[in-house]
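*Asks:* One structure, as structure tokens, below. Some questions next.
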Amino acid sequence: MLLLVLSPAESPSAEEETENPPKLHAQCAVLMDGYSGRILWEKDGDRQVPMASTTKIMTCILALEFADMEELVTVSPYAASMPDVQLGIGAGEQYQMEHLLLSLMLESHNDSAVAIAEYVGEQLIIQQQESEKNQKIISEPDNRTVEESQYLVSVFADAMNQKAMELGCSHTWFITPNGLDASQQVVTESGMTENRQHSTTAAELAEIMRYCTAESKKKDLFLRITNTTQADFYDVQKKRAFHCENHNRYLSMNSHALSGKTGFTGKAGYCYVGAVNQDGCFLIVALLGCGWPPAKNLKWEDMNRLVSYGTEKYRSMVLPKPEKVQFSYIADENNNTGKKEVRKKYLASPDLSDQKVLIGKDETLDMKWYCFSSSGQPGDIVGSCEFYIQDQKVFQYLYRIKNIYSLE
């Protein structure tokens, strides 16, 4: 049975509507409500394009979720050979995972990205072998062949793509952990072969950043790493010292910035994804293809315009909490023996964690209640209270059976 009720619409104070944001430099852009994931404004938000080093937010969050900060990573010759932006790590050297993550997110070092990917990829293989009792020998990092290293990186890329799918990002495809332009032949489930590029959409990149900063169990560590302004560290043997400074200029441009990652390749252009909590608004912005050299600062103009637009047009709202619900039903305890029916009453309790959403000055909030089932055991979901803004669902509280009472 389905029950549907609409509450009286709540509307923000009637103020003059903010004009649409100025024309952006970015080819693709999204402004997202960081609380609910609702897209507030977009420009070609679903267009699939390269994303350069903004890739590294996924590399970072997976490393945090699969490894501890104190774990030691040994560098392979393949990782040490990565081009362009480098920390300069050498084959056979060892580093704490935390220090490689700082290198990854502050200065966007490509060699650190591959060292991290190989390490996590190897841990994933070990976990799989333990469950399947199947042994695959991988050489020690300092003696590892290029083919072995590339295999481990592909295992890590598979984990990146699996996480993207879990987040609903079906138009994102990771090939490298560092965001360097890449393509590969992929055999689909239907048996067809297709060429895929290392790419995402502005909407899905924003969703990945929202996961990193608001939903992951490791979000606090992610925020701490990406908000670090500078870091000094050594290799494990303390033979070499390193200094990294955060290249995310938006952290110093806006004191309300929470996190962010820059990126650039020849195909992707200048890119940026960032999170801001300003004037009570938790906003995620993704910018792809935001100019090519020498126009590296256009992304900051776009960022300021979208954040200003978001804080002027939207305000945060704490969703009202639904009440507990009591209901009873009649169940035949045993049809075969013909025993009498048992009447039971359930007290269903909703998940009551505080939840915010962003709502526009000309938008309304609707509530809808659903009943999924009239039977079950304590803990089972039997209904929900859902919240909609402009016919788009932004959140739901779930009703779970709390207690069962006999009414005989």
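The values are calculated or read from the model by the stated rules, or taken from the named source; none is laboratory data. Every value quoted in this text rests on a predicted model; they were computed, and no experiment measured them. In this analysis, Cβ positions are derived from the backbone assuming ideal geometry, glycine residues included, and neighbour counts consider all displayed protein chains. Protein only, heavy atoms only, side chains kept; ligands, DNA and RNA dropped before computing areas. Shrake-Rupley method; radii C 1.70, N 1.55, O 1.52, S 1.80 Å.
*Asks:* Only one of (1) open to solvent by 10 Å² or more (accessible area, probe 1.4 Å); (2) part of a loop (DSSP other than H, G, I, E, B) is not met by Leu40, so which one is it?
*Replies:* Here Leu40 meets the rest and fails (2).
*Asks:* Given the conditions (1) small (Gly, Ala, Ser); (2) in a helix (DSSP H, G or I); (3) touching a strand residue (DSSP E or B) at 6+ places or on another chain (Cβ under 7 Å); (4) open to solvent by less than 10 Å² (accessible area, probe 1.4 Å), which single one is not true for Ala79?
*Replies:* Tallying (1) small (Gly, Ala, Ser); (2) in a helix (DSSP H, G or I); (3) touching a strand residue (DSSP E or B) at 6+ places or on another chain (Cβ under 7 Å); (4) open to solvent by less than 10 Å² (accessible area, probe 1.4 Å), Ala79 fails exactly one: (3).
*Asks:* Among Val30, Val73, which is buried (at least 18 other Cβ atoms within 10 Å of the Cβ) and in contact with a Gly (Cβ under 7 Å, 6 or more places away or on another chain)?
*Replies:* The match here is Val30.
*Asks:* If you don't mind, another one. Which residue, of Leu258, Leu221, Leu251, is modelled with pLDDT of 95 or more, touching a Leu at 6+ places or on another chain (Cβ under 7 Å), under 25 Å from Gly289 (Cα atoms) and surrounded by 17 or more Cβ atoms within 10 Å (Cβ to Cβ)?
*Replies:* Leu258
*Asks:* Restricting the first residue to the stretch 383-408 and requiring it to be under 18 Å from Met32 (Cβ atoms), which pairs with a second residue that is open to solvent by 60 Å² or more (accessible area, probe 1.4 Å) and at pLDDT 90 or above meet a Cβ separation below 8 Å and a spacing of at least six or different chains?
*Replies:* Pairs found: Phe387/Lys393; Phe387/Gln396.
*Asks:* When both residues are 6+ apart or on different chains and their Cβ atoms are under 8 Å apart, which pairs have a first residue that lies in the stretch 104-121 and is in contact (Cβ under 8 Å) with a residue 40 or more places away in the chain, and a second that is of a type in the set (Lys, Arg) and crowded, with 24+ Cβ neighbours inside 10 Å?
*Replies:* Every condition considered, the pairs that remain are Leu104/Lys56; Met105/Lys56; Met105/Lys261; Ser108/Lys56; Ser108/Lys261; Ala113/Lys56.
Every residue, every condition in (1) assigned to a loop (DSSP other than H, G, I, E, B); (2) open to solvent by less than 40 Å² (accessible area, probe 1.4 Å); (3) modelled with pLDDT of 80 or more; (4) in contact with a strand residue (DSSP E or B) (Cβ under 9 Å, 6 or more places away or on another chain), yes or no:
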{"residue": "Lys321", "(1), (2), (3), (4)": "yes, no, yes, yes"}
{"residue": "Phe327", "(1), (2), (3), (4)": "no, no, no, yes"}
{"residue": "Lys340", "(1), (2), (3), (4)": "yes, no, no, no"}
{"residue": "Asp366", "(1), (2), (3), (4)": "no, yes, yes, yes"}
{"residue": "Ser375", "(1), (2), (3), (4)": "yes, no, no, yes"}
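*Asks:* Could you name every one of the helices (runs of 4 or more DSSP H) located completely within the stretch 109-210 that has at least 3 residues being under 22 Å from Gly269 (Cα atoms)?
*Replies:* By residue number, 110-132, 202-210.
*Asks:* To continue, here is another question. Can you find a residue that is touching a strand residue (DSSP E or B) at 6+ places or on another chain (Cβ under 7 Å), open to solvent by 90 Å² or more (accessible area, probe 1.4 Å) and modelled with pLDDT under 95 anywhere in the stretch 263-280?
*Replies:* No, there is no match, as no residue in the stretch 263-280 is touching a strand residue (DSSP E or B) at 6+ places or on another chain (Cβ under 7 Å), open to solvent by 90 Å² or more (accessible area, probe 1.4 Å) and modelled with pLDDT under 95.
*Asks:* So which residues in the stretch 84-108 are out of contact with any helix residue (DSSP H, G or I) (no Cβ under 7 Å at 6 or more places or on another chain) and not in a helix (DSSP H, G or I), if there are any at all?
*Replies:* If the condition is that a residue be out of contact with any helix residue (DSSP H, G or I) (no Cβ under 7 Å at 6 or more places or on another chain) and not in a helix (DSSP H, G or I), then Gly88, Glu93, Gln94, Tyr95, Gln96, Glu107 are the ones that fit.
*Asks:* Among the candidates Pro12, Pro21, Pro8, which residue alone is closer than 24 Å to Asn297 by Cβ and at pLDDT below 95?
*Replies:* One residue alone meets the criteria, Pro21.
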